[in-house]
Structures are given as C-alpha cells and as structure tokens.
Amino acid sequence: MRSALLIFLIGLFVIPSSATRAEKRVALIVGISRYQQVPQLGNPVRDSEAMAALFKRAGFDVVDNQRDLGVAELRRALRQFSEVSRDADIAVVYYAGHGIEVDGINYLIPADAKLLSDFDLEDETVQLDRVLRSLESAKRLKLIILDACRDNPFAKTIKRTLASRSIGRGLAEVEPIGADMLIAFAAKAGAVASDGDAENSPFATALLNHLTEPGLDLRIALGRVRDDVLKLTGHRQEPFVYGSLGGNTMALVPQQARPVDPDAEARVDYELAAQVGTNEAWDSFLARHNTGMLAELARAQSAKLSNAQRLREKADDARRQAEVQAAEKIAEIRRQIEERSAREMAEVKRKLSEQTKQDLEETRRQLEDNARKQLEEARRQIEVAQQQADAARQQIEDAKRQAIAEARRQVEEAKQAAKIASLAPNPSIPSEPQQPPAQMDPADVARLLQAHLKRVGCNSGGADGNWDDGSRNALKLFNKYAHTSFGVQVASLDALDAVRARTDRICPLVCGKGQRVDGDRCVEIGCGSGFFLNSNGACEKRPRAAEQREHRSRVAPSGGGRCFSFQGRSYCE
C-alpha cells in the first residue's frame, strides 16, 4: 500500500512536455578547424560539438551542427537556417573559426578560403551581415555568438588592392539590424581571443557553464561568461556584447514550473482525521473526499478501527460469559457442599458412638479440603478469564495505536514524495506561471497544537486556533517537562510534530485548592464530621471550643447576643 501511494502521488506531478511546450527554439552551430591554406585550429570543432550537445540538452527543437564548411556550404547553411528560423521564437547562431575585419566590415572565413588579395573577400568569405539577416524572422530573440576573434594568419598575407584599405586586428564593432538581437564577441572590438590549450576555448568553456541555466536572463548569463573568461585568461581577454533587449526576462531555457499538487487540501484533511483517529473522523473525511488513493487509505483506516471495536466487544462478551460461568460454578459447588453436609450430618446424628464421631470429623475435614480446592480452582478460572479479557483490551489498544501511527507515517511519506517530485529537474518543460506550494493555515497549526497539548495534559483550554496567552503558557509547560525549547509566540509545525509524537501525559496533573488527584482527574476533598478543610487544602479536626461555639450558635436566640467570626463563619451568642 505504501509503494502504491508513492506511485500515485508522483504521478500527479508528471506533466507531459508536449502539452506545455509553447516556444520554438532553433540553433545553427558552425565550427571550422581544418583550414586548407593556413594552419588548422584545434578547438573550433570541439567547441561546436560541445555547444550542439548543450542546446540539445536544453530542449531546442532544431540543432543544426555543421563542421569545416566551404564558402558555398556556409552560405547554403545560412540560407536554410533563415527558413527554419522564420517561425521560431528564439534563433541562435554559434560560429567558431577565423574571422577578419576589413574597412569596418566583418567577414567569416570558410575552410576553403585562399584570400590572396582583399578583392577575393566577396567571393571567398561570408559577411557577418548575412548571418544577421538569416535571423531577422525570429520572433522574440535573435542571438549570434562569435568565437572568431583569433589571431588571423590571413590578415598577414592578404594583399591590398588599395593602399588606403584597412585590415584590422580582430573584429570590428557591429550594430544589430533589428530589435531583440544580441551579438556576443569572444573579445571586444579590435582585440584577439585565445584558442586555448584545454579541451575547449575559454569563451566556449564559460558559455557551456552559464548559457542555458534555466530561468537565467541572457544578459546576466553573458555577464557571467565575461567574468569567467577574464579570470581564465588573466584579464587578457574580455568578451563583449552588442545590441539590447527589453525589460522582460529573456532566458534561452525557461524556468521549470513547480508542479501543482491537486490533493493538498485532501492531505491536510487526511492528517486531521488521522489525528482524531475515530470512525466518525474518517467518515467526515470520506464525505468530502470520496475518491482517490487517500480515500482508499481512509476506508482502510476506518475498517481497522471497526475491526478493533468488534474485537473489543467480543473480548467484553467473553469476559462477561466467564464471570457468569464462574459465579454459577461457585454457586453450584456451594449447593453441593451444603447438600452433602446435610446428608452426612443426618447420618452422624444416627451414630452416637465415638467411632462414628471420629468418622464424622474425618469426613468433615475431607469435605473442607475438597471445598477449598474447588473454590481455589474457581478463583483460578476467574483470574484466567480476567487475564484473557485484559489481553484482548491490550490488543485493541495496540491495534488502534498502530493504525494511527501508520496513518501518520503514510502522510509523512506522501509529503516527502511531493517534495522529491517538486525538486526533480526537467529542463524540457518550458516556463509556466509559478504557483506557490500549498501550506497549512496558521490557524490549523494552532488548533492541532492546542489539541495535542491538551492530550498530553499541558493545556486546559479549548482547541479554537486562537493562539493566546493560555496556549503560550501550555507550550511553556511542555518545554519544561519534555525538555524542549520551542518558541511559544506562534504555533510552529516543529512544535506540532514534537507534541504529536508524545503518546503519554507530559505535564503533571495539578489540582486547585480544596481538590485532590483521583486517577486522571481532580475531585473535591470531603471532610468527615468534626473536621474542616483548612487553608492548605487538608482536613483538620475542629477545635472543641469551636465545636461548642458552633453548637451554641445553632441554639442561640435570634437576637440580643454578641456575634463574632471564626474560621470564616459568623457566630452569635
């Protein structure tokens, strides 16, 4: 039953991803390492593979991973991606490889570029503006990430057709062509980025750590990337971002929505019914919640209590029958003894000899011995019947405590299952409005705590949910005798759990003046004739003079005498 409850509760929190997917996210990943005319780069292909895997884990609908493209293949990939991103909400292009800036224009260099002169740029490279145009149709976010600011060997060998033509170091500053577009450079304009000696470049390493954190705004994520790169390169390389976004949070991966627990109210009612632990409480719960796993558990608990009640009634019947049978047997034995004694006494009377008297005495002793044995046997049978009845009552109490403890344990396990399910990561689930977790009302916590304090003998007031001075004093008494230190200003769940775990009386029974302890209650102290209840709450013998004065007061005339007071009473002569 316990495992079935856990499966049921966990199943409540499973929300199909296909029903909650609201955005289309696409990415084009390009990594060029094998340049044909200049030395190859080590990291771009590895960086592109890692970034493609990152976007796939983040749940992107399309992740197109391209490696070592020539100029025609690169242009075709951008043209195809422009069609893919047309109806997308978020579109991302990541490029790792060589780039060059000439006269303020940025170019991406494919694997087959030769670039013998600056006249070849239009034919053998792809302008960055073409990449920007491929994202124009995206609806919410257009993101371009360029890890292309490396020390470019083409810049040293390319011939200038015009002496005034400028070939810069790194890439030039760029302005986005539309709204909601960001362009992230591995290094700021005019600076060179490091390819790195590790598995990935410093820029790619930082992107892998922060870019797809669920719910993290993209601007904050890129700021953390900048901080990591500065740290990894000893402040020699500073990434830079161009463009701007609006005031709303823009995250590549939406914050995971916390699941809503539809049975929160039912679980609170179930716990309250478990605290009361009666068939009436379970019937009240089932009147409000008659379906589901908790309803089945409530029916099982009610059945256990009913079975325990039947066992108790059966044990009481057995005890009563045993008592009746024992009484009847004792009466029968006494009747038989009397009849036998009468017969034998009649026989004795007929015999007057000494021998007859001796025989009579011996017979009498035998009769007494037999009667004593039979009476002892009857008493033993009564004790056995009483022990059986006591054992049956103990079994009933044990069954009831076990049922209540099991109900509490099931509620606690349901809470733990709900917490595990609510904390389980699921990056494929996009953003939904967050709803706060269900919490117990403070008045309910106060009412439960008051009831349990009264159960353990620390609260003489009612359980009305009003946490007043009487309730705070009751919790102080519990802290004193249970050796705990819970705060008394408000009713807390920690205090409720601690008090609820106690099964016996904690606070001693304190009776008022003029009362005494009788079992688990206080009764009035009564004094006999000639005694009175003194100020210490004990019976004290009344002084003789006071008795005489009291007697005289009863017979004194109605007027003409002197009056005085004694022991709180008025007396007149």
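Please treat every number below as a calculation from the coordinates, not as lab data. Quick caveat, the model's predicted, so the values are computed rather than measured. Don't worry about glycine lacking a Cβ; one is built from the backbone with ideal geometry, like all the others, and counts go over all protein chains shown.
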Residue pairs, from the table 114/139; 159/231; 56/231; 139/159; 476/513; 329/349, whose Cα atoms sit over 32 Å apart: 114/139; 159/231; 139/159
Sort 134, 492 by Cβ crowding within 10 Å, fewest neighbours at the top. 492, 134
Once you list every other residue whose beta carbon is under 12 Å from the beta carbon of residue 128, what net charge do they have if Lys and Arg are +1 and Asp and Glu are -1? -2
Any aspartates and glutamates with Cα under 17 Å of the residue 142 Cα? List them, leaving off those in the same chain fewer than 8 positions away. 23, 61, 64, 83, 87, 89, 129, 175, 180, 217
If you count, for each residue, the other Cβ atoms within 10 Å and average over each peptide, how do 312-318, 177-183, 364-370, 98-104 line up from highest to lowest? 98-104, 177-183, 312-318, 364-370
When 140, 521 are arranged by how many other beta-carbons sit within 10 Å of their Cβ, fewest first, they go 521, 140
Taking θ as phi - 60°, what are the ³J(HN,Hα) couplings along the range 206-218 by the Karplus curve (6.51, -1.76, 1.60), each to the nearest whole Hz, with x for Gly and Pro? 5, 4, 4, 7, 10, 5, 10, 5, x, x, 7, 4, 4
Per-residue ³J(HN,Hα) for the range 133-147, Karplus 6.51 cos²θ - 1.76 cosθ + 1.60, θ = phi - 60°, Hz, x for Gly and Pro: 5, 5, 9, 4, 7, 4, 7, 10, 8, 10, 10, 10, 10, 10, 9
Cα centroid separation - the range 59-118 against the range 185-211, whole Å: 18 Å
For an R0 of 45 angstrom, estimate the FRET efficiency from the Cβ-Cβ distance between residue 40 and residue 248 and round to the nearest 0.05. 0.60
When 486, 531, 81 are ranked with the fewest other C-beta atoms within 10 Å first, the list becomes 531, 486, 81
Scoring only Lys, Arg, Asp and Glu (+1, +1, -1, -1) among other residues with Cβ under 10 Å from the Cβ of residue 180 yields +3
